[in-house]
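> One structure, pasted below without further comment.
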Amino acid sequence: MTADTKLEVERQRKTADMLVSCHARLRDQFAFHARVIDLFLLLASLLIVSLTFAADDVLEWLPISSRLGIGILAIGVTFGSLAAALLDWKASSARHDRAAQAYAAAKSALTLVGDSSTSDEVARALELYEEAGRYSVPIPEGSFARLKSEHRIKLLISRMLDKNPAAPVWLMRLRLRWGHSRRFWKAEEPEI
């Protein structure tokens, strides 16, 4: 394996590692949003049903009329259902999950490539990375910088945990943010 091929394999392995983190984070975010809206719809639907069958004397404690309250909840459920259908966070979560799995497989194959690897093994590992890029959902442009930052912080925290396993992760994250922000503001010109 040539020096250029080694550099390219390592570059693609690092990129695949970052893309696994990015897609996994997006998967988790979309899954969380889907769960929140599902729970809202479930709770609001249960309230509508319970208020519909409640006796009139039980409904007197409501600050507004029971018909108005049920109507407002029904509008909320309808709006939430339409929003869930239009945004389709579950499908977005599934797409990013498939992308994370594809890049994880590529990263694994690229990690196994070594000096003793045949040219076919190297080519297959590089092809897995290309396939992951070709068939995966793209990362939204507006989210990329934030996700890349989160990935880099994750790598730094991982190294810090090796040396300080009992330290709280939130404190490590705070220390990293504070130190890097101070260094950035002290620089005469931002590093590029």
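The values are calculated or read from the model by the stated rules, or taken from the named source; none is laboratory data. The shown structure was predicted, so the numbers you read here are calculated from the model rather than taken from an experiment. Methodologically, a virtual Cβ is constructed for each residue, glycine included, from the backbone with ideal geometry; neighbour enumeration extends over all protein chains shown. Accessible surface areas use protein heavy atoms only, side chains included; no ligands, DNA or RNA. Shrake-Rupley method; radii C 1.70, N 1.55, O 1.52, S 1.80 Å.
> Could you do me a favour and compute the accessible area per residue for the chain, 1.4 Å probe, result in Å²?
71
> Something else: Mind ranking 20-28, 125-133 by how tightly packed they are, going by the mean number of other C-beta atoms within 10 angstrom, highest first?
Peptide ranking by packing, descending: 20-28, 125-133.
> Applying the Karplus parametrisation 6.51 cos²θ - 1.76 cosθ + 1.60 with θ = phi - 60° to the phi angles of segment 15-29, what ³J(HN,Hα) value in whole Hz is obtained for each residue in order, glycine and proline being reported as x?
Karplus values, whole Hz, x for Gly and Pro: 5, 4, 4, 5, 5, 4, 4, 4, 5, 5, 5, 5, 4, 5, 5.
> Oh, and also: Of (1) 82, 45, 35; (2) 71, 37, 31; (3) 49, 39, 36, which is the value of Cα extents along the principal axes in Å derived from the coordinates here?
Entry (1).
> Still on this structure, I have one more. Run the count for the chain, please: Lys pairs, Cα-Cα under 21 angstrom, 8 or more apart or on different chains.
Values: Lys6/Lys14; Lys6/Lys107; Lys14/Lys107; Lys14/Lys148; Lys14/Lys154; Lys107/Lys148; Lys107/Lys154; Lys154/Lys163.
Total qualifying Lys-Lys pairs in the chain comes to 8.
> Pull out a ≥ b ≥ c, the square roots of the eigenvalues of the alpha-carbon gyration tensor of segment 120-159, then state rounded if a/c is under 1.5, prolate if not and a/b is larger than b/c, and oblate in the remaining case.
Oblate shape, in that a/c is at least 1.5 and b/c is the bigger or equal ratio.
> Express the carbon and sulfur contribution to the solvent-accessible surface of segment 1-158 as a percent, rounded to the nearest whole number, probe 1.4 angstrom.
Ligands and nucleic acids excluded, carbon and sulfur reach 63 percent.
> At 1.4 Å probe size, put Lys186, Lys163, Lys154 in order of accessible surface, largest to smallest. Write out the running numbers ahead of the final one.
Values: Lys186 145, Lys163 165, Lys154 100 Å².
The residues order as Lys163, Lys186, Lys154, largest area first.
> Something else: How do 106-113, 137-144 rank on mean C-beta neighbours within 10 Å, highest first?
Taking the mean over residues of other Cβ atoms within 10 Å, the ranking is 106-113, 137-144.
> May I pose another question? When only C-alpha pairs under 8 Å and at least 6 residues apart count, what is the relative contact order of the chain, in percent?
Reported relative contact order: 31 percent.
> Right, here's the next one. Taking square-rooted eigenvalues a ≥ b ≥ c of the alpha carbon gyration tensor, is segment 81-166 rounded, prolate or oblate, where a/c under 1.5 means rounded and, failing that, a/b exceeding b/c means prolate? Spell out each step's value before the answer.
On the way: a/c = 2.74, a/b = 1.27, b/c = 2.17.
Note, shape of segment 81-166 comes out oblate.
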